[in-house]
1. Determine whether segment 169-184 contains at least one residue that is closer than 26 Å to THR90 by Cα and without any contact (Cβ under 8 Å) to a residue 40 or more places away in the chain.
2. Mind listing whichever residues of segment 1-44 are touching a Pro at 6+ places or on another chain (Cβ under 9 Å) and under 19 Å from ALA67 (Cβ atoms)?
3. Name the residue that is surrounded by the fewest Cβ atoms within 10 Å (Cβ to Cβ), counting only residues in segment 181-197 that are polar (S, T, N, Q) and outside any helix (DSSP H, G or I).
4. Among the residues of segment 102-145, write down those that are under 20 Å from ILE172 (Cα atoms), in a loop (DSSP other than H, G, I, E, B) and either modelled with pLDDT under 95 or more than 13 Å from the chain's Cα centre (by Cα) (or both).
5. Could you list, ordered by first residue, the pairs with Cβ atoms under 7 Å in which the first is in segment 190-204 and free of Cβ contacts under 8 Å to residues at least 60 places away in the same chain and the second is surrounded by 14 or more Cβ atoms within 10 Å (Cβ to Cβ) and in a helix (DSSP H, G or I), at least 6 apart or interchain?
6. Return the only residue of GLY175, GLY158 being surrounded by fewer than 24 Cβ atoms within 10 Å (Cβ to Cβ), outside any loop (DSSP other than H, G, I, E, B) and in contact with a helix residue (DSSP H, G or I) (Cβ under 8 Å, 6 or more places away or on another chain).
7. Which residues, counting only those in segment 20-41, are of a type outside the set (Val, Ile, Thr) and either crowded, with 21+ Cβ neighbours inside 10 Å or closer than 20 Å to ALA114 by Cβ (or both)?
8. crowded, with 19+ Cβ neighbours inside 10 Å and closer than 15 Å to ASP76 by Cα - does that describe any residue in segment 220-227?
Amino acid sequence: MKTIFVTGASSGIGATTARMFLDHGWTVGLFARRRAALEEVADGHAQAHVFAGDVTDADAVSNAVEAFLDATGPLDVLFNNAGIFTPPGTIDEISVRDWKASVDVNLTGMFLAARAAFAVMRRQDPQGGRIINNGSVSAYVPRPGAAAYTATKHGVTGLTRQISLDGRPFDIACGQIDIGNALTPMVQSFNDKALAEDPDAELQPSMAVEDAARSVLHMAELPLGANVQFMTVMATKMPYIGRG
């Protein structure tokens, strides 16, 4: 039975992806800060394992990955998904506190989870595994007023490339999924803010979160001899091509 460890699994893309993998017979480790929300996602499923912790805490991440390994055996996939979007603004309006929070979660958290999974995959028997980093279309084309988010997502792309290179001798594949406007609570908050400011505002096109989750499943189900290095899945009519 295949295993996957999902960070940021309590809501949004992480929760939907965890449920989809459970539905497809995978054993799933769910990691996020809110245990009650994780338990709700797991919904008593026999193959769901809940681990509450902060993705910015190196020991919490490493201990959770090790506990999942002890409970299930080899780790096949990490979905490195946890992320935040801090209040938007031009760079002079963004607080240093929000900048540091973005870096801590979106980049350092990604590093810590990948580091823990890589260590496990390198030493397990059979050796190897797959790391899927959740980037964003903002890793290529910025959203207005999102300097912190955009910078961290560009950093994720560099991390993905480095893990791909360093993982080759150990049969560790690494790829990145860049998602545009899946209708998560974060995207819904953008819409709510726009409507509050202008009831006639034209909302950005979005897609179902399940569409993104299916793409993660496709990446995860490939044999280790094949890898989706970068995948962009997005609402067809969102402002990405020519965004600015």
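The values are calculated or read from the model by the stated rules, or taken from the named source; none is laboratory data. This one's a predicted model, so the numbers in the text were calculated from it and none came from an experiment. Neighbour counts run over all protein chains shown; Cβ positions are idealised from the backbone, glycine included.
1. Filtering segment 169-184 down to residues closer than 26 Å to THR90 by Cα leaves 178-184.
Next, from what is left, pick out any that are without any contact (Cβ under 8 Å) to a residue 40 or more places away in the chain: 183.
Within segment 169-184, one or more residues are closer than 26 Å to THR90 by Cα and without any contact (Cβ under 8 Å) to a residue 40 or more places away in the chain.
2. First, pick out the residues of segment 1-44 that are touching a Pro at 6+ places or on another chain (Cβ under 9 Å): 3, 11-12.
Of everything in segment 1-44, just one residue is touching a Pro at 6+ places or on another chain (Cβ under 9 Å) and under 19 Å from ALA67 (Cβ atoms), namely THR3.
3. As a first pass, look at segment 181-197 and keep what is polar (S, T, N, Q): 181, 184, 188-189, 191.
Narrowing further to those that are outside any helix (DSSP H, G or I): 181, 184.
Details: ASN181: 23, THR184: 20.
Result: THR184.
4. Within segment 102-145, GLN124, ASP125, PRO126, GLN127, GLY128 qualify.
5. Sorted first by the residue in segment 190-204, then by its partner, the pairs are ALA201/ALA194; LEU203/ASN191; LEU203/ALA194.
6. On the way: GLY158 fails: in contact with a helix residue (DSSP H, G or I) (Cβ under 8 Å, 6 or more places away or on another chain).
Unique residue meeting the criteria: GLY175.
7. Filtering segment 20-41 for residues of a type outside the set (Val, Ile, Thr) gives 20-26, 29-40.
Correct list: PHE21, TRP26, GLY29, LEU30, PHE31, ALA32, ARG33, LEU38.
8. Of the residues in segment 220-227, the ones crowded, with 19+ Cβ neighbours inside 10 Å are 220.
Still in the list and also closer than 15 Å to ASP76 by Cα: 220.
Yes; the residues of segment 220-227 include at least one that is crowded, with 19+ Cβ neighbours inside 10 Å and closer than 15 Å to ASP76 by Cα.
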